[in-house]
Each structure stands twice: as C-alpha cells, then as structure tokens.
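The structure appears below as structure tokens.
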Amino acid sequence: MLDAQQIALRFLRTKLQVHPDVVQYILEQDNPDLLERIIAQVPPDTVVVTSKCIPGLDTLRDGTRFLADPTVDVVSGSAGTSGGINGTADFIHYFRDRYQRLGTMIRSRCGAMPIEGLIRSTRYRQEECTIIGMVVEVKSTQNGHRIAAIEDPTGTISVLFRKDRPVFSVAERLIHDEVIGVRGKLSHDGKLFFAEHLYRPDIRIDNTPFKSDRAGRAVFISDIHVGSNTFLEKEWGRFCDWLQDDPAGYLLIAGDLVDGIGVYPGQEHELLIKNIYEQYDRFGEMLRDLPSRVRIIISPGNHDVVRGAEPQPVIPDAFTKKFPKNCTLVENPALVNLQGVRVLMYHGRSIDDMIGLIPGASYDKSGQMMEEMLVRRHLAPAYGRKTPIAAGRQDRLIIDPIPEILHTGHVHVSGITTYRGVLGINAGTWQSQTLFQKQMNVNPTPAEAVAVDLQTLRPEILSFGYKPQTA
Ligand SMILES: [Fe+2]
C-alpha cells in the first residue's frame, strides 16, 4: 500500500498538486485502483486535485433543515437540558457514550476489531488490522517516538507511533480521552501495536454546508465582560449604533456576558460593578439599546453566574429581569438553527487545555483550535484538566450533527477558519487587555464582530475602532 508521500509524488508526476484531504481519503479507502481512477478522471486544466475530483463522491446535503418559520430554533441546549451531576455513577455511561458515538463515526470508514480479541489470538500477529479506542495516556519515549495506551470496552493496548513513519506528525497531536482508530500490526509477543495510520472521527471531505434559501444575516460576538474596568463602553456604543442600520436579524453571544465576581484572585480590584445582579442588569440595559427586531441568542461562559461544569445551564431568571423579550437564552454548548443554517455555540474553555497539550497551539491561533475540535468531533476532548465537564449519561460535547458554523470565544482573540465546509468563528472580546492577560502575554483583539451572510456563509470581520493605549 502506498503512503502519503508516494501518493503525492504520483500526482506530481502527472503535473498535478493534490489537496491533503484527497491523500487522506485515498489512504483510508484501501482501494488499490482508486488513485489511478482519480488521475484518469481529473478534468483538464486542473492544477490542484480536490475532493471534487474524486469520482462517485456525492456532496452531502441534509434536506431536513428547511424551516418555514424564520425564528430561532434551538436544536439542543435549550433551558433545563444540561442535567444534574449525579456523582460517579454516570461516569461510566458518559465515557461509554463518548466511545460508542465517536467510535461509530470512525467505524463507518474502516473495519475494526476488539482489542482483547486481537491480543488473545495469535492469528493476527504481524497482520495489518485496525482498532478503535480512547486514548488513556500518551507520552514520548526516550528515543523520541510517541507511545499511547488505547482502551476499548474489551481491553487496553500500547500503541507505538514511530518517529520515522508518516503517522508520527498526526500522533504528535494526540490528546488523552480523544477517540481514535489505528491501523497497524501487532508485535510477535502481542504486547505492542505498531501504528501506520491514525483515523479521527473527523468531518467527511464531501461535507457540504447548508445555505439559506433566503436573505439573512447573523452577527457573532462573545466575551463582553460587563462590570470589568476594562469593558470598552465607547466601542460598544459604536457597535450599537452600527447595528441600528445593519440588516442583521440575529445576534449570537457565546458567553462571558459579565465579568462575574470571585472568578480569579484579586478580581475585585478590577471591577467597576462589584454586584453580580447589577452586572447582569447593566448588560440587560445594553441589550435593550439594540434594535428590537434583532433576535439575540445568549449562551453562558466561565465568567457567568452558572456552574462552571459543561454543559453549563442557561442564565437563571433572577439575573435576566432586565433582558429584552427578543432574547433567547441557551446553554453552553447549544445548537441553534437560523433559517436552516445550524450554529454550534460553545464558549471555548477547552482551548486552554488544547494549548497546553497540542504542539504549536497558541492563543493567537484561535482558528486552528476550532479545527482541532472539529477533527476530533468533540468540543472538549481532554477530561479532568482546566475544563470541568459534568459527566451526564450522554456526552453533550460531541459535535454531532455537523453544524454550518462553530461559534466560540473565551480566548479574546478573533479568528476565522473554514474546515471541510464548516465555518469556525472565534468572536474576540469587548474588554481591553487585563493584567492577567498581560502576564500571560495574550494580546486580545477587542471590539470586533463577525457578520455572516446566511445565503453564502461568507464572513466579514467588523472593527469598532479600538486603539490600544500605549504606556
Ligand atoms: Fe472571557
């Protein structure tokens, strides 16, 4: 079987460049004729072979999303669905659900066998096969290889990703608790699995986003931090004025509406409004100044008053008395449907964890962080680190169904990405650099909003005149 480099070289010999998605597709198909069939059918004048050149690959379009009613439809994450935390009893259901659902996504692309069956039988020694498991542990060996313990419901096995193999670069980005498939061979003694290819749940390369059949425009923001002495009142005023004249029908806010109280040590010295009710009242007044024709969809973040464990419930009534009627309160995460265009709102706390675990990841690459979520089909893959997760009977952080737009915030740095048809928007902030961010060398991009045309899904970054003060 050819590896990625050989496939790319084969295309180059016919004077064609090839998109990495196509290489990945060929590697996964296990069909020796596919490569030549693609080359034979590439339309003339093609420079880069993309997924559109793969014969027989139809674009996916889900016809069930057409809506007669133009109002916001909350698909998941409506009030009261986050569930309680029932101690340790639900943990086993939670991880089984995560394994089953993500494992099924991988299994649709490759046949896999149970780990215990593989270890016990001598039949499969040195024979290529695939296993699907959750990453229990991952580390580098003394010789610079990566080794991971992979677990499925039947057993656990050590998988070696050798540094001289093409699979190594993908394995460098492994995070514990993500679900992966690995193709390779078991060692003679049955103790070690040598990996050659790694499958993630991922998004199919033929995924085609739904586009609204009628005019519509949505604006995406997050991290307002009302109550903080770094909240940018003047810039917010400009945004408010702009929205009066803009045809946008939807405004989505992905959490950290207020700065909260007691979120970090010494926060009281950085608060203009020290009462949590007053912070939300002020935020409510600000929303009332926005045009009432705009539907406002609000989900919470880690600075908000609700529990930190995700999924986070909606902001309770006691805090939303001053919110206008055109607000829809949803949980974090929540999937909302705007004219058939599905938006997955997630505050983005897991980005803190991913920055610590993925080589090269950083706060100023928020677009890349959203891709890391999409490829794993999970909003917060690593369990038990900075992102608290309420282990309910179902894993609500799995990305399923695939949205047209993933909307995050948290890092205060705007970022836009497109990954396999999904538009990722990290919406920045309305707070200037805090002392903590200064210490952490995080340079925020305040007072920006992203507007998206729902008929084309084209994003537009709008800036509301923030100028950093020079010391
Ligand atoms: Fe924030």
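Each reported figure results from applying straightforward, stated rules to the coordinates on display, with no laboratory input. Given the structure is predicted, the values throughout are model-derived calculations rather than measurements. We place every Cβ from the backbone using ideal geometry, glycine too, and count neighbours over all the protein chains shown.
Given an 8 Å cut-off on Cα distances and at least 6 residues of separation, report the relative contact order of the stretch 194-302 as a percent. Each step should come with its number before you reach the end.
Values: 128 pairs, mean separation 35.5, N = 109.
Relative CO of the stretch 194-302 lands at 33 percent.
When N is the residue count of the chain, what does its C-alpha Rg come to as a fraction of 2.2 N^0.38 Å?
1.04
I want the local charge near E151. Using Cβ-Cβ distances under 14 Å, sum +1 for each Lys or Arg and -1 for each Asp or Glu among the other residues. All intermediate terms of the calculation are to be shown ahead of the outcome.
Details: positive: R96, R98; negative: E116, E137, D152, D177, E178.
That sum, taken over residues with Cβ under 14 Å, equals -3.
Taking the Cβ of each residue in S299, S121 as the centre, tally the other Cβ atoms inside 10 Å and list the residues starting with the fewest. Don't skip to the end; give the middle numbers.
Details: S299 30, S121 12.
Taking fewest neighbouring Cβ atoms as first place, the list is S121, S299.
Can you give me the long-range amide H partners of R342? Hydrogens built in the peptide plane at 1.01 Å from N, cutoff under 5 Å, separation of 5 or more residues or another chain.
Here E404, I405 satisfy the definition.
How long are the semi-axes of the equivalent ellipsoid of the stretch 278-344, taking √(5λ) for every eigenvalue λ of the Cα gyration tensor, in whole Å from largest down? Kindly include the intermediate steps, with their values, before the conclusion.
Numbers: eigenvalues 73, 69, 12 Å².
Three semi-axes, in Å: 19, 19, 8.
Between their Cα atoms, which of K15/K52; K321/K467; K234/K438; K386/K438 are more than 26 Å away from each other?
Details: K15/K52 18 Å; K321/K467 34 Å; K234/K438 22 Å; K386/K438 20 Å.
Beyond 26 Å: K321/K467.
Could you tell me which trypsin sites (Lys or Arg not before Pro) in the stretch 373-471 are loop residues by DSSP with no more than 10 other beta carbons within 10 angstrom of their beta carbon? If you can, show how the numbers build up before the last one.
Details: sites: R376, R377, R385, K386, R393, R396, R420, K438; in loops: R377, R385, K386, R393, R396, R420.
Answer in residue order: no site qualifies.
In µm²/s, what is D for the stretch 97-253 at 10 °C and 1.306 mPa s, where D = kT/(6 pi eta Rh) by Stokes-Einstein and Rh is the Kirkwood radius from Cα pairs?
On the way: Rh = 19.2 Å.
Rounded to a whole number, D works out at 83 µm²/s.
Kindly identify the stretch 217-463 as rounded, prolate or oblate by the Cα gyration tensor criterion: order the square roots of the eigenvalues as a ≥ b ≥ c, call it rounded if a/c is under 1.5, otherwise compare a/b with b/c, prolate if a/b is larger, else oblate. Please list the in-between numbers first.
Details: a/c = 1.33, a/b = 1.08, b/c = 1.23.
Here the stretch 217-463 falls in the rounded category.
Looking at the stretch 109-199, what % of its DSSP beta bridges pair antiparallel, to the nearest 5? Mind dumping the intermediate values first?
Details: 25 of 29 bridges.
Approximately 85 percent, going by the DSSP bridge assignments.
Given H placed 1.01 Å from N in the peptide plane, which residues other than close sequence neighbours of G428 have an amide H under 5 Å from its amide H?
H412, V413, S414, G415
Among the trypsin sites (Lys or Arg not before Pro) within the stretch 1-56, which fall in a DSSP loop and have no more than 11 other Cβ atoms within 10 Å of their own Cβ? Display every interim value, and only then the final one.
Details: sites: R10, R13, K15, R37, K52; in loops: K15.
Taking the stretch 1-56 and a limit of 11 other Cβ atoms within 10 Å, the loop trypsin sites (Lys or Arg not before Pro) found are K15.
Using alpha-carbon pairs under 8 Å, 6+ residues apart, how would you state the relative contact order of the chain in percent? It would help to have the intermediate numbers written out before the result.
Numbers: 1023 pairs, mean separation 78.4, N = 471.
Result for the chain is 17 percent.
What is the sum of charges around G301, taking Lys and Arg as +1, Asp and Glu as -1, for the other residues whose C-beta is under 9 Å from the C-beta of G301? Mind dumping the intermediate values first?
Details: positive: R349; negative: D223, D256, D304.
With Lys, Arg at +1 and Asp, Glu at -1, the neighbours total -2.
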